[in-house]
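Participant: Before I ask anything, here is the structure I am working with.
The values are calculated or read from the model by the stated rules, or taken from the named source; none is laboratory data. Please read these numbers as outputs of a predicted model, since none were measured by experiment. Counting neighbours? That spans all protein chains shown, and the Cβs are built from the backbone with ideal geometry, glycine included. All accessible areas refer to the heavy atoms of the entire protein, side chains included, with ligands and DNA or RNA removed. Shrake-Rupley method; radii C 1.70, N 1.55, O 1.52, S 1.80 Å.
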Amino acid sequence: MKFVLSEEQRMFAGTLRRLLAEAGTAKTVRAWASGDHAPGRAVWAALAEAGLFAVAVPEEHGGAGLLPVELVAAMEEVGRAAAPGPYVETLAAAELLPRTGGGGLLEGIAEGTAMVTLGVPHALDADAADAVLGTDGKPRAASGGPLASLDPARRLFRVDGSPGGRPDFGVLMCAAQQIGLGRALLDVTVEYAKTRRQFGRPIGEYQAVKHHLAGAMVELEFARPLLYGAALAHGTPEFGRDAAAAKVAASDACYGAAKAALQVHGAIGYTDEYDPSLWIRKARALHSAWGTPAEHRARVAASL
């Protein structure tokens, strides 16, 4: 089966990419990590105005109807920019709430005025969110301060009550975010390899460097069909299995791109002042977010 995005889907993703590029998200990430949510909320509002959240909300609640392919394309761009905030959690809540009878938040989600997080089991950015929900769609209370995180811009909080399962739609959105993040890391590393010189030549001319970057690209490109295949499977019995498979592939590909970025950049790649370090940290944190690759491999194996 051949699948390509339609012209409208490509335009939607392109619009979001331009908005995020203009926002300068590296500064936004640093502000978010320090507890200053204003720049991140401004980016959130701009993406909402462009329709990001509307395509996750049913029409009867002010949205455009749930469009999984458009959301996967959108979350690739959110990941590419490393935009901070509970994007995955809010989109997962928008898909979950119509089934759990908690539709009161949906209008706000569609408009971008309701930032929602989920306890899966910890609640991402509960200090910034307008609502904290369990995976049953019911309100929860976050307690204590932010937990230690590999990515300072992913502020995790404990949630009262027993944790539920992980909504499969959130798993898919996280995988889409990882593909975009991995592609951003690959792009910046390729550019660095063109300009960084050793022994009188750009390091990108050396075969070992080319192999690292080519391997990262192949992994990312092989993961994307699984991602969009899972989006097309939404609403079918195979969706949970396909979302798990997409998360495995996206986690491995994104982690591989981060590893290649560190190897090519060297020590500068993990210095706080260097913007790609923000992407590298997020790649490591997302590797186990919404389920580890081992957990999702087990899900796929159990379904066969």
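Participant: Looking at (1) closer than 27 Å to ALA26 by Cα; (2) of a type outside the set (A, V, I, L, M); (3) open to solvent by 10 Å² or more (accessible area, probe 1.4 Å); (4) modelled with pLDDT of 95 or more, which is the only condition PRO68 fails?
Facilitator: For PRO68, the failing item is (1).
Participant: Taking the range 219-278, which residues are in a helix (DSSP H, G or I), under 27 Å from ALA26 (Cα atoms) and of a type in the set (Phe, Trp, Tyr)?
Facilitator: Listed by number, the residues that qualify are TYR255, TYR270.
Participant: Which count do you get for residues in the range 127-158 that are more than 19 Å from VAL43 (Cβ to Cβ) and either touching a residue at least 40 places away in the same chain (Cβ under 8 Å) or of a type outside the set (S, T, N, Q) (or both)?
Facilitator: Looking only at that region, the number is 21.
Participant: Just checking, how many residues over the range 31-49 are open to solvent by 10 Å² or more (accessible area, probe 1.4 Å), modelled with pLDDT of 95 or more and either more than 27 Å from PRO152 (Cβ to Cβ) or not aliphatic (A, V, I, L, M) (or both)?
Facilitator: Going through the range 31-49 one residue at a time, the tally reaches 5.
Participant: Oh, and also: Name the pairs whose Cβ atoms lie under 6 Å apart, with the first residue in the range 48-70 and on the phi > 0 side of the Ramachandran plot, the second not in a loop (DSSP other than H, G, I, E, B), and 6 or more positions between them or separate chains?
Facilitator: GLY62/GLU107; GLY62/ALA110; GLY65/GLU59
Participant: Regarding GLU95, is this residue more than 25 Å from ARG30 (Cβ to Cβ), open to solvent by 10 Å² or more (accessible area, probe 1.4 Å) and within 17 Å of the chain's Cα centre (by Cα)?
Facilitator: So GLU95 fits the description; yes.
Participant: So, one more: Could you tell me which numbered condition ALA184 fails, if it satisfies all but one of (1) closer than 30 Å to GLY62 by Cα; (2) aliphatic (A, V, I, L, M); (3) open to solvent by less than 40 Å² (accessible area, probe 1.4 Å)?
Facilitator: (1)
Listed here are the residues, each with its yes/no results for (1) of a type in the set (Asp, Glu); (2) closer than 21 Å to PHE53 by Cβ; (3) out of contact with any helix residue (DSSP H, G or I) (no Cβ under 7 Å at 6 or more places or on another chain).
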residue	(1), (2), (3)
GLY112	no, yes, no
ASP125	yes, yes, yes
GLY144	no, no, yes
ARG154	no, yes, no
GLY164	no, no, yes
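Participant: Given the options ALA245, ALA302, ALA260, name the one that is of a type outside the set (S, T, N, Q) and open to solvent by 60 Å² or more (accessible area, probe 1.4 Å).
Facilitator: Only one candidate qualifies: ALA302.
Participant: Return a yes/no flag: does the range 280-290 have any residue that is polar (S, T, N, Q), under 23 Å from ALA83 (Cβ atoms) and assigned to a helix (DSSP H, G or I).
Facilitator: yes
Participant: Condition (residue is open to solvent by 20 Å² or more (accessible area, probe 1.4 Å) and among the hydrophobic types (A, V, I, L, M, F, W, C)) applied to the range 138-146: is it met by at least one residue?
Facilitator: yes
Participant: Under the condition of being surrounded by fewer than 18 Cβ atoms within 10 Å (Cβ to Cβ) and more than 15 Å from TRP279 (Cα to Cα), which residue from the range 18-30 is farthest from the chain's Cα centre (by Cα)?
Facilitator: Checking each candidate, the answer is GLU22.
Participant: Continuing with the same structure: Would you be able to say whether some residue in the range 206-213 is modelled with pLDDT of 95 or more and open to solvent by less than 60 Å² (accessible area, probe 1.4 Å)?
Facilitator: No: the range 206-213 contains no residue that is modelled with pLDDT of 95 or more and open to solvent by less than 60 Å² (accessible area, probe 1.4 Å).
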